[in-house]
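What follows is a short report on a single structure.
The values are calculated or read from the model by the stated rules, or taken from the named source; none is laboratory data. Remember, predicted model here, so these are calculated numbers, not experimental data. Here the Cβ positions follow ideal geometry from the backbone for every residue, glycine too, while neighbour counts run over all protein chains shown. Heads up: the accessible areas ignore ligands, DNA and RNA and are worked out on the full protein's heavy atoms, side chains in. Shrake-Rupley method; radii C 1.70, N 1.55, O 1.52, S 1.80 Å.
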Amino acid sequence: MTVTVRFAPSPTGRLHVGNIRTALLNWLFARKSGGTFLLRLDDTDLQRSTEAFADGIRSDLDWLGLVWAREERQSARTDRYVAAAEFLKKQGRLYACYETEDELDRKRKRQLARGLPPIYDRSGLKLTGPERAALEAEGRTPHWRFRLANSEDGFAPLPTIVSWNDLIRGDQTVDVGSLSDPVVIRADGSFLYTFTSVVDDAELGITHVIRGEDHVTNTGVQLQLFEALGKEPPAFGHHSLLIGADGHALSKRLGALSIESMRAEGLEPLAIASYTALIGTSDAIEAQHSLDELARHFSFDKISTGPARFDPEELKALNARVLHATPFEQAEAGLRRLGVGGGAGFWQAVRGNLTVMSDAVAWWQIVDGEIDPKVEDAALVEQAAALLPAATWDDTTWDVWIAALKTASGRKGKALFHPLRLALTGREDGPELKALLPLLGREKVLARLQGRRA
RNA sequence: GGUCCCUUCGUCUAUCGGUUAGGACGCGAGAUUUUCAAUCUUGAAAGACGGGUUCGACUCCCGUAGGGACCGCCA
């Protein structure tokens with residue numbers, strides 16, 4: 001059996017860290033097992049789905065390097081859903097209901113107020129032919145529910161356990177006796193996710209459904225749908241959801257955590273992928289060289305069942321470590337986009353001091369552009385200027401020069417280097433001066449030591 | 001009101017009844033016989049609480065507390 005997985009976002013917004021974790025887990029599993037990763041746009045909610053969001057999702061996945069073998073869209077598969085629905089109607093598993101959304105809402109509130117679970121009372125199922133005709137004569141169009149197999153008389157629900165062996169959480173059970181029959185067809189004739197997802201998973205040959213734990217109850221219902229449809233269900237794996245650095249739910253502020261905004265912040269795709277794939281697992285959160293390397297580490301039993309904490313600060317730290325280990329060939333394109341030159345020598349010198357790639361711009365400005373030197377110790381820099389070697393510069397120049405300056409000034413350690421760093425770079429921190437010196441060149445160094453803008 | 005899941009260093013986690021409770025990030029220290037950073041080495045740091053089962057519990061059971069999720073004509 002070839003592994004086939006799908007990532008099924010609905011194009012009602014851009015991708016965020018939570019989404020991307022699901023996408024990644026699917027992609028990594030497919031990659032590791034030599035399987036296929038599909039992108040399925042779940043756009044059954046026509047009110048909220050847009051083409052712009054679909055484009056955004058593709059662009060986010062693409063940027064992260066999560067290539068998909070094929071794209072499917074639910075809006076293009078309506079005939080399949082109609083056929084499956086007809087089949088279920090013939091089996092007597094779908095029944096028409098005539099309540100309005102308002103009526104259902106009031107019903108739920110009433111149940112809750114009385115301390116009862118907000119479960120649909122199956123009024124639609126109890127309707128007689130004449131009653132239905134009367135309702136339709138009133139101008140009502142029905143929506144359709146899937147009758148859960150959870151009772152003996154067909155009406156009163158009994159505790160009914162549906163179970164499966166979850167890829168991530170082990171044995172799982174859902175009591176479908178305490179659930180409402182799900183609406184699968186809206187009054188306007190469009191289909192709902194619970195249903196379309198099952199039809200698609202069956203027909204597209206999905207072997208493993210990896211999704212967030214917000215779907216575990218759905219899985220109980222959907223397992224019954226697979227059965228009613230006469231289809232073999234895929235294996236299911238539900239990962240925990242992300243919580244914020246403060247330990248509370250993330251869902252309220254996902255906007256700030258969109259891939260789009262993280263990209264704008266200058267974070268590396270590999271850092272985002274490594275972080276979201278590694279938090280909540282027993283693997284160390286460390287810089288990965290590629291998605292393939294991440295895939296080699298992938299294993300369902302490393303994923304923990306408790307909620308994982310997403311800390312933007314930790315992501316940033318990982319981003320820095322990813323950069324520190326990035327070879328020039330991989331950084332080159334990004335540097336060019338930022339207008340940073342200097343080649344491999346420059347990259348080698350500064351990469352250890354970057355948190356995000358764009359930090360290189362400031363260093364390039366210091367090396368290539370003009371800065372105002374900061375004179376902390378006039379006497380020392382004057383001496384340094386006087387002792388500056390004349391001839392051609394190479395990587396021994398620094399040692400020769402500093403040895404001479406050390407002897408002449410009697411300075412060492414911080415008293416020696418701090419004033420030099422300030423004069424040469426205008427900053428208190430930065431890469432090794434020895435590496436920076438040849439990049440600066442004699443002229444610039446001399447000018448800055450003399451306190452001139454250069 | 002109901003159902004499900006989770007709780008070990010600050011953080012992510014290992015441990016599948018007997019361990020000096022291990023690793024990673026972060027933090028501290030040292031080294032790089034010359035600053036900050038990077039890098040390397042090293043150190044400190046943990047079983048939510050209360051019961052029970054057991055010769056023995058982080059591990060199993062019950063309860064409490066805290067956290068997460070679901071109960072939609074959203075996905």
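Charge dipole (Cα centre; +1 on Lys/Arg Cβ, -1 on Asp/Glu Cβ; no other charges) of region A:79-165 amounts to roughly 220 debye. Heavy-atom surface analysis with a 1.4 Å probe gives region A:226-372 a carbon and sulfur content of 50 percent of its accessible area. The loop-placed trypsin sites (Lys or Arg not before Pro) in region A:75-174, going by DSSP, that have at most 16 neighbouring Cβ atoms within 10 Å of their Cβ come out as A:Arg114, A:Arg140. Could you point to the residue in A:Leu24, A:Ser59, A:Gln47 farthest towards the positive end of region A:6-117's charge dipole, with +1 and -1 charges on the Cβ of Lys/Arg and Asp/Glu respectively? Going by the Cα projections, it comes out as A:Leu24.
Sequentially through region A:227-236, phi angles give Karplus couplings (6.51, -1.76, 1.60; θ = phi - 60°) of 5, 4, 7, x, 10, 6, x, x, 7, 10 Hz, Gly and Pro residues having no value and appearing as x. The accessible-area ordering, largest first, of the residues A:Asp292, A:Asp372, A:Asp171 stands as A:Asp171, A:Asp372, A:Asp292, per a 1.4 angstrom probe. Taking the DSSP beta bridges with both ends in chain A, the antiparallel portion is around 50 percent. With only the Cα atoms considered, chain A has a convex hull volume of 181 Å³ per residue.
The Cα atoms of region A:11-91 cover 44, 32, 20 Å along the three principal axes, with the biggest extent listed first. Rounding to the nearest 10 and keeping the result within 0 to 90°, find how far the Cα-based axis of helix A:312-324 lies from the longest principal axis of chain A. Compared with the principal axis, the helix lies near 50 degrees.
Sequence-ordered 3J(HN,Hα) estimates for region A:138-155 from the Karplus curve with 6.51, -1.76 and 1.60 and θ = phi - 60° stand at 5, x, 7, 10, x, 10, 10, 10, 8, 7, 5, 7, 9, 8, 8, 8, x, 10 Hz, glycine and proline given as x. Relative to the Cα centre, the charge distribution of chain A, modelled as +1 at Lys and Arg Cβ and -1 at Asp and Glu Cβ, gives a dipole magnitude of about 460 debye. Starting from the Cα gyration tensor of region A:79-165, take the square roots of the eigenvalues, sort them a ≥ b ≥ c, and report rounded, prolate or oblate (rounded when a/c is under 1.5, otherwise prolate if a/b is larger than b/c, else oblate). Cα axes put region A:79-165 in the oblate bin.
What are the trypsin sites (Lys or Arg not before Pro) within region A:386-454 that DSSP puts in a loop, where the Cβ has at most 12 other Cβ atoms within 10 Å? Within region A:386-454, the qualifying trypsin sites (Lys or Arg not before Pro) (loop, at most 12 other Cβ atoms within 10 Å) are A:Lys412, A:Arg452, A:Arg453. State the Cα centre-to-centre distance between region A:63-101 and region A:266-315 in whole Å. After rounding, the separation between the Cα centres reads 33 Å. Amide H contacts under 5 Å for A:Ile243: A:Ala308, A:Arg309, A:Phe310, restricted to partners 5 or more places along the chain or on a different chain, H placed in the peptide plane at 1.01 Å from N. For region A:25-71, carbon and sulfur atoms together expose 51% of the accessible surface, with a 1.4 angstrom probe and every protein chain in place. Per-residue 3J(HN,Hα) values for region A:361-374, derived from phi via the Karplus relation 6.51 cos²θ - 1.76 cosθ + 1.60 with θ = phi - 60°, read 4, 4, 6, 5, 4, 5, 7, 9, x, 9, 9, 8, x, 10 Hz in sequence order (x marks Gly and Pro). Close amide-amide hydrogen proximity is noted between A:Val184 and A:Trp144, A:Arg145, A:Phe146, each under 5 Å apart and 5 or more residues distant or on a separate chain (H modeled in the peptide plane; Pro and chain starts excluded). Remark on A:Leu354: its backbone amide H falls under 5 Å from none of the residues 5 or more positions apart or on other chains, H modelled at 1.01 Å from N.
Does region A:243-324 come out rounded, prolate or oblate, given a ≥ b ≥ c as the square roots of the eigenvalues of its C-alpha gyration tensor, rounded meaning a/c under 1.5 and, failing that, prolate meaning a/b above b/c? In terms of gyration-tensor shape, oblate. Longest exposed-loop-site-free stretch of chain A, with GluC sites (Glu not before Pro), DSSP loop and at most 15 other Cβ within 10 Å? With GluC sites (Glu not before Pro) excluded where exposed in loops, chain A gives A:1-137 as its longest stretch.
Counting protein heavy atoms only, region A:378-449 has 54 percent of its accessible area on carbon and sulfur, 1.4 angstrom probe.
Size descriptor for region A:328-368, Kirkwood hydrodynamic radius: 9.8 Å (Cα pairs only, one decimal). Among the listed pairs A:Lys126/A:Lys231; A:Lys412/A:Lys444; A:Lys90/A:Lys126, a Cα-Cα separation exceeding 22 Å is found for A:Lys126/A:Lys231; A:Lys412/A:Lys444.
Per-residue SASA remark: A:Thr100, around 60 Å² accessible (1.4 Å probe; ligands, DNA and RNA not included).
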